[in-house]
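Remarks on the structure that follows.
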Amino acid sequence: MDFSVKKLTDLVAFNRRNFIKLLIGGAVGINATPLPWKLMDDVAIWTQNWPWVPVPARGAFNHSETICTLCPGGCGITVRKVDGRPVKIEGRADYPVNPGGICPLGSGGLQLLYTESLRFTGPMKRVGARGTGDFVAISWDEAMQTLADRLAELKRNGKSEALAAIDGNRPHSSMSLLIRKFMDAMGSSMYARMPSLEDTYATVNRLMFGIDAPMAYDLEHADLILSFGCGLIEGWGAPGRMSNAWSLWRSEPLKGKVKIIQVESRASNTASKADQWIAAKPGTEAALALGIAHVMLKDGLYDSNFVANHTFGFTDWTSPDGKSHRGFKNIALRDYSPDVVSKTTGVDAGQILSLARAFARARAPIALCGKGKGSLNGSVFECLAVQSLNALTGNINKPGGVLVHQDVPLQARYSAEAKGPGEPLTAAGLGEALTADKISVETLLLFAANPAHTLPDGGGFRKALKKIPLIISFSPFRDESSLMADLILPDHTYLEKMDDVVWPVGLQYPFYGLTQPVLKPLYDTRATGDVLIQLAEIMGGRVTESLPWKNYEELLKERALNLFEAEGGLTSHDSSRPAWEPSAYRKVLKSDCTSPEELWKKLKAGGFWYRPFQRFGWHEELFKTASGKFEFCTDKLEKAGADLAKTLENDRDYPVVMAPYELINLASSWAPSPPYLYKTLFDSQIRGKDCFAEINPQTAGEYKLKQGDYVIIESSAGKVKALVNIFAGAMPGVVYLAFGFGHTGYSDFHLNKGVNPNSIVAGPRDFLTGMSAWWRTPVRLSKTKA
């Protein structure tokens, strides 16, 4: 071959093979250098200068102190602001509830403030079909006059009972009190509350202690915590307090000295991180508690002094009418042996024995009840049974036990006029009565409540809403119930108004806090308290006389000033000394306010009032029951036990149980989840628009289900479709669905993501509250396609 030809051939060979190698090698080399990443960073920085990208204004940094009210926990928060604009929410360190702690929902509160598509930006009236969200803006004058004319018409025609209200505010709050007083003044008894664990606790406190005060647990000084389903690190109680308490239990000097036992059918985060997990079948927790009581009684492992001198109903007794009643001891020993309870709960009899002995022999054991975060009602039967365990140990009103208090000493003149929490009609009961045509409601007022989505009634309330001619919502958010409304009078969000927080759930001492607006309202909204007081003024007569305040702040001030007269109340907290230190409990502290006006000034500055002193012991003034003692409520326990046996009977048509659960990073009550929290979910919780149902491998095998398959979950109330997540932490025979999904309201971030477990809840009712036993619904499963 000619030399020149050979040279040309070599050049062609380089072009075809080696040049490709060079390109690939160069690309790999470039990516191995910082160059592309630096370019991407520069582009990202450059995009921040585009004029349509929102950027917080430059300016001075400052902070506002207030309280988060997105859940009943009442955690203190600090809102960081730039040039007056809130940009970040953090936990408040100088606050005696949550020393610096905050949950994901609380930290994302600014998204609920700024996401315009989530909110009603002013008063509106419906122009389209119900549920479509088709509204037009109107003035506040038109909205107020429309409602006032409607209410006047009802009174004029003698139809006051055709006015109903559903209240989702906390039971002891000033807002709840104001709504009740307004309904009383209108002459209507149709006031209904949304279900909550607080109401269940209040019912049990009245029955067993005779008090109308929240449940108080001294968890920080307990050495054994037996939790019946409470999501201790998933949002139960005050989330900031509980995360701090968990850290205390797991750190020196308490590390290894506090034992946490979680009773729950599913391996939740709390169950997985507890020292011991007891997997009892859903709905059988009360039977397990009574089985533990059986062992304690049989082995003599109970406080005989407390039981003999400070309880009623322990032994058989005869009422004044001559009727014989079984005592607690009789019921527990005869009906709840470990073998019997084992068959009911699925917990091994030997495990029941060891659990009872560990609980009884602990220095300061405490038993808790309530499912998940406590967003929904618990079982009164379960709470009665669990509280009986605390009585058997004598750990009542002792350090590390259940503390007995009187309520926060607010202005009695306005507190006493309203009925105690738990007595009003439930929202579910109202819906059922409407559906069955037992009552007629012509106008419904909705306050901080979304019953169309959050009620565990199989979608029954949504159907009931269609029967009501006029629905008025005071919600700031475009929730499912508000989309069914005819008139919207939107409230401020919690960051834009003043309101009170009365005793966060489970806190061991009386507490009162006052939220403060951290900025002026962004939109044309008004505080609902002010709207009701203005409405009363328009109505005239008895309605005006019953709500005599000029504005809602005046009501708050009048109630709160009574705190000045209360002994031992403080309005400041030294964060270097925990509020639950023993020294803080054992002496009456001198008030740090010299006048009522000084107290109000401190409260208005984002402050609080609390009384850390506790008079320990079993003194004669402790219990306010008819007997003057702790009462075991044996008649109710006996009846509920019989009802439970019927509830647990196998259903051939629906052989599986659906048990919903709560996630700490998704809201499951009235307030929506901050949109970004959906991005924190795992790919085993949601994929695209579909959420997952957790199923044990054994159960999945029985139905020939594999990971990622679609499954239909059907109850007598309806059916939903979900993806399968095969999870060894799920109990066989039970399928688990998470709350926080299935929204048809709020914003595009929330729409049609997953399914709502409440839409298929069906079956038995709790024996005292009448609420659906949402924690246990019989269902059947079937495999399906996408």
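Please identify the pairs in which a residue from the stretch 495-524 that is of a type in the set (Lys, Arg) has its Cβ atom under 6 Å from the Cβ atom of a residue that is open to solvent by 10 Å² or more (accessible area, probe 1.4 Å) and modelled with pLDDT of 95 or more, counting only partners at least 6 apart or on another chain.
That search, which allows pairs on different chains as well, returns Lys497/Pro517; Lys497/Ala527.
If you check Arg776 against the conditions, is it within 30 Å of Leu384 (Cα to Cα), basic (Lys, Arg), in contact (Cβ under 8 Å) with a residue 24 or more places away in the chain and open to solvent by 30 Å² or more (accessible area, probe 1.4 Å)?
Answer is yes for this residue.
Got a sec? Which of Ser227, Ser196 is of a type in the set (S, T, N, Q) and open to solvent by 10 Å² or more (accessible area, probe 1.4 Å)?
It is Ser196.
Report yes if some residue within the stretch 248-268 is out of contact with any Phe, Trp or Tyr (no Cβ under 9 Å at 6 or more places or on another chain) and of a type in the set (A, V, I, L, M); otherwise report no.
yes
I'd like to know if the stretch 678-687 contains one or more residues that are part of a strand (DSSP E or B), on the phi < 0 side of the Ramachandran plot and among the polar types (S, T, N, Q). Let's see the steps before the verdict.
Let us first name the residues in the stretch 678-687 that are part of a strand (DSSP E or B), namely 686-687.
Still in the running and on the phi < 0 side of the Ramachandran plot: 686-687.
After this cut, where a residue has to be among the polar types (S, T, N, Q) as well, the list is none.
No, there is no match, as no residue in the stretch 678-687 is part of a strand (DSSP E or B), on the phi < 0 side of the Ramachandran plot and among the polar types (S, T, N, Q).
Would you please name the residue that is nearest to Glu480 (Cα to Cα), looking only at residues in the stretch 127-143 that are of a type in the set (Gly, Ala, Ser) and open to solvent by less than 70 Å² (accessible area, probe 1.4 Å)? So that I can check it myself, show each step before the final result.
Residues of the stretch 127-143 of a type in the set (Gly, Ala, Ser): 128-129, 131, 133, 137, 139, 143.
If we keep only those that are open to solvent by less than 70 Å² (accessible area, probe 1.4 Å) too, we end up with 128-129, 131, 133, 139, 143.
Numbers: Gly128: 15, Ala129: 13, Gly131: 7, Gly133: 9, Ser139: 23, Ala143: 21 Å.
Ranking the candidates gives Gly131 first.
Taking the conditions exactly as written (surrounded by fewer than 23 Cβ atoms within 10 Å (Cβ to Cβ), farther than 24 Å from Gly283 by Cα and not acidic (Asp, Glu)), does Ala717 satisfy them or not?
Spelling it out, it is not the case that Ala717 is surrounded by fewer than 23 Cβ atoms within 10 Å (Cβ to Cβ), farther than 24 Å from Gly283 by Cα and not acidic (Asp, Glu).
Can you pull out the residues in the stretch 453-464 that are under 13 Å from Met484 (Cβ atoms), open to solvent by 10 Å² or more (accessible area, probe 1.4 Å) and among the small types (Gly, Ala, Ser)?
Hit for the stretch 453-464 is Gly459, nothing else.
So if I check each of Leu599, Leu603, which one is in a helix (DSSP H, G or I) and either among the aromatic types (Phe, Trp, Tyr) or in contact with a strand residue (DSSP E or B) (Cβ under 6 Å, 6 or more places away or on another chain) (or both)? Talk me through it step by step, then tell me what you get.
Working: Leu599 fails: either among the aromatic types (Phe, Trp, Tyr) or in contact with a strand residue (DSSP E or B) (Cβ under 6 Å, 6 or more places away or on another chain) (or both).
Every option except Leu603 fails the conditions.
How about the stretch 490-515: which of its residues are more than 19 Å from the chain's Cα centre (by Cα), assigned to a loop (DSSP other than H, G, I, E, B) and at pLDDT 95 or above?
Once the filter is applied, which keeps residues that are more than 19 Å from the chain's Cα centre (by Cα), assigned to a loop (DSSP other than H, G, I, E, B) and at pLDDT 95 or above, the stretch 490-515 yields Pro490, Asp491, His492, Lys497, Met498.
Checking Asp167 against (1) open to solvent by less than 20 Å² (accessible area, probe 1.4 Å); (2) over 30 Å from Val408 (Cβ atoms); (3) in contact (Cβ under 8 Å) with a residue 40 or more places away in the chain, which single condition isn't satisfied?
Looking at each condition in turn, Asp167 falls short on (2).
Across the stretch 170-188, which residue is surrounded by the most Cβ atoms within 10 Å (Cβ to Cβ) among those that are of a type in the set (Ser, Thr, Tyr) and touching a helix residue (DSSP H, G or I) at 6+ places or on another chain (Cβ under 9 Å)?
As a first pass, look at the stretch 170-188 and keep what is of a type in the set (Ser, Thr, Tyr): 173-174, 176, 188.
Right, trim to touching a helix residue (DSSP H, G or I) at 6+ places or on another chain (Cβ under 9 Å) and you get 174, 188.
Working: Ser174: 24, Ser188: 22.
It comes out as Ser174.
Which residues, taken from the stretch 352-367, are open to solvent by less than 10 Å² (accessible area, probe 1.4 Å) and part of a helix (DSSP H, G or I)? If you could, list the steps in order and put the result at the bottom.
Here is the first cut: in the stretch 352-367, the ones open to solvent by less than 10 Å² (accessible area, probe 1.4 Å) are 352, 355-356, 359, 364-367.
Passing the criteria: Ile352, Leu355, Ala356, Phe359.
Name the single residue that is surrounded by the fewest Cβ atoms within 10 Å (Cβ to Cβ) among those in the stretch 686-708 being under 14 Å from Gly733 (Cα atoms) and either in contact with an Asp or Glu (Cβ under 8 Å, 6 or more places away or on another chain) or among the β-branched types (Val, Ile, Thr) (or both).
Thr699
All but one of (1) assigned to a helix (DSSP H, G or I); (2) modelled with pLDDT under 95 hold for Leu110, so report the exception by its number.
(2)
If Pro548 satisfies every condition in (1) free of Cβ contacts under 8 Å to residues at least 24 places away in the same chain; (2) under 30 Å from Gly400 (Cβ atoms) but one, which is the exception?
Going through (1) free of Cβ contacts under 8 Å to residues at least 24 places away in the same chain; (2) under 30 Å from Gly400 (Cβ atoms) one by one, Pro548 breaks only (2).
In the stretch 372-409, how many are part of a loop (DSSP other than H, G, I, E, B), closer than 20 Å to Gly617 by Cβ and of a type outside the set (D, E, K, R)?
Number of matching residues: 9.
Filter the stretch 703-726 for residues that are without any contact (Cβ under 8 Å) to a residue 60 or more places away in the chain and part of a loop (DSSP other than H, G, I, E, B); which is nearest to Leu118 (Cα to Cα)?
Filtering the stretch 703-726 for residues without any contact (Cβ under 8 Å) to a residue 60 or more places away in the chain gives 706-708, 719-720, 722-726.
With the extra rule that they be part of a loop (DSSP other than H, G, I, E, B), the set shrinks to 706-708.
Working: Lys706: 37, Gln707: 34, Gly708: 31 Å.
Once the filter is applied, the top-ranked residue is Gly708.
For the stretch 110-117, state whether one or more residues are within 28 Å of the chain's Cα centre (by Cα), buried (at least 21 other Cβ atoms within 10 Å of the Cβ) and among the aliphatic types (A, V, I, L, M).
Start the filter on the stretch 110-117 by keeping residues that are within 28 Å of the chain's Cα centre (by Cα), which leaves 110-117.
Now restrict to residues that are buried (at least 21 other Cβ atoms within 10 Å of the Cβ): 112-113.
Still in the running and among the aliphatic types (A, V, I, L, M): 112-113.
Yes, some residue in the stretch 110-117 is within 28 Å of the chain's Cα centre (by Cα), buried (at least 21 other Cβ atoms within 10 Å of the Cβ) and among the aliphatic types (A, V, I, L, M).
Identify, from the list Ala642, Ala693, the residue that is touching a residue at least 12 places away in the same chain (Cβ under 8 Å) and of a type in the set (A, V, I, L, M, F, W, C). Before you say what the answer is, go through the steps one by one.
Working: Ala642 fails: touching a residue at least 12 places away in the same chain (Cβ under 8 Å).
Exactly one of Ala642, Ala693 is touching a residue at least 12 places away in the same chain (Cβ under 8 Å) and of a type in the set (A, V, I, L, M, F, W, C), namely Ala693.
Take the stretch 140-157 and flag every residue that is more than 25 Å from Arg462 (Cβ to Cβ) and over 34 Å from the mean Cα position of the chain (by Cα).
Residues satisfying the conditions are Asp141, Glu142, Gln145, Asp149, Ala152, Glu153, Lys155, Arg156, Asn157.
Among the numbered conditions (1) touching a residue at least 40 places away in the same chain (Cβ under 8 Å); (2) buried (at least 21 other Cβ atoms within 10 Å of the Cβ); (3) at negative phi; (4) not aromatic (Phe, Trp, Tyr), tell me where Thr146 comes up short.
Of the numbered conditions (1) touching a residue at least 40 places away in the same chain (Cβ under 8 Å); (2) buried (at least 21 other Cβ atoms within 10 Å of the Cβ); (3) at negative phi; (4) not aromatic (Phe, Trp, Tyr), the odd one out for Thr146 is (2).
Filter the stretch 295-314 down to the residues that are without any contact (Cβ under 8 Å) to a residue 60 or more places away in the chain and within 22 Å of Ser354 (Cα to Cα), then identify the one that is least open to solvent (accessible area, probe 1.4 Å). So that I can check it myself, show each step before the final result.
Restricting attention to the stretch 295-314, the residues satisfying the condition of being without any contact (Cβ under 8 Å) to a residue 60 or more places away in the chain are 298, 300, 304, 308.
Still in the list and also within 22 Å of Ser354 (Cα to Cα): 298, 300, 304.
Numbers: Lys298: 151, Gly300: 48, Ser304: 74 Å².
Filtering the stretch 295-314 for residues that are without any contact (Cβ under 8 Å) to a residue 60 or more places away in the chain and within 22 Å of Ser354 (Cα to Cα), the one least open to solvent (accessible area, probe 1.4 Å) comes out as Gly300.
I'm trying to understand the selection: among the residues of the stretch 316-339, which are β-branched (Val, Ile, Thr) and crowded, with 16+ Cβ neighbours inside 10 Å? I'd like the intermediate steps shown before the answer.
Within the stretch 316-339, the first condition is being β-branched (Val, Ile, Thr), and the residues that meet it are 318, 331.
Correct list: Ile331 only.
Return a yes/no flag: does the stretch 691-698 have any residue that is closer than 24 Å to Leu197 by Cα and part of a loop (DSSP other than H, G, I, E, B). Talk me through it step by step, then tell me what you get.
We begin by selecting, within the stretch 691-698, every residue closer than 24 Å to Leu197 by Cα; these are none.
Among the residues of the stretch 691-698, not one is closer than 24 Å to Leu197 by Cα and part of a loop (DSSP other than H, G, I, E, B), which makes the answer no.
Tell me the residue from Gly106, Gly91, Gly74, Gly100 that is under 29 Å from Pro612 (Cβ atoms), open to solvent by less than 10 Å² (accessible area, probe 1.4 Å) and in contact with a helix residue (DSSP H, G or I) (Cβ under 8 Å, 6 or more places away or on another chain), please. Don't jump to the end; show me each part of the working.
Details: Gly91 fails: open to solvent by less than 10 Å² (accessible area, probe 1.4 Å); Gly74 fails: in contact with a helix residue (DSSP H, G or I) (Cβ under 8 Å, 6 or more places away or on another chain); Gly100 fails: open to solvent by less than 10 Å² (accessible area, probe 1.4 Å).
The conditions single out Gly106.
Starting from the stretch 562-575, take each residue that is in a helix (DSSP H, G or I) and list its partners that are surrounded by fewer than 16 Cβ atoms within 10 Å (Cβ to Cβ) and at pLDDT 85 or above, counting only C-beta distances under 7 angstrom and pairs at least six apart or across chains.
Every condition considered, the pairs that remain are Phe564/Pro596.
If you go through the stretch 428-450 one residue at a time, how many are outside any loop (DSSP other than H, G, I, E, B), of a type in the set (Val, Ile, Thr) and either closer than 24 Å to Thr69 by Cβ or open to solvent by less than 10 Å² (accessible area, probe 1.4 Å) (or both)? Even if it seems obvious, please write down each step before you answer.
Of the stretch 428-450, the ones outside any loop (DSSP other than H, G, I, E, B) are 428-435, 443-447.
Then keep just the ones that are of a type in the set (Val, Ile, Thr); that gives 435, 443.
In the following step, the residues that additionally are either closer than 24 Å to Thr69 by Cβ or open to solvent by less than 10 Å² (accessible area, probe 1.4 Å) (or both) were identified as 443.
The total comes to 1.
The values are calculated or read from the model by the stated rules, or taken from the named source; none is laboratory data. As the structure is a prediction and not an experimental result, all values here were calculated from the model. Cβ atoms come from the backbone with ideal geometry, glycine included; neighbour counts cover every protein chain shown. For accessibility, only protein heavy atoms count, side chains too; no ligands or nucleic acids. Shrake-Rupley method; radii C 1.70, N 1.55, O 1.52, S 1.80 Å.
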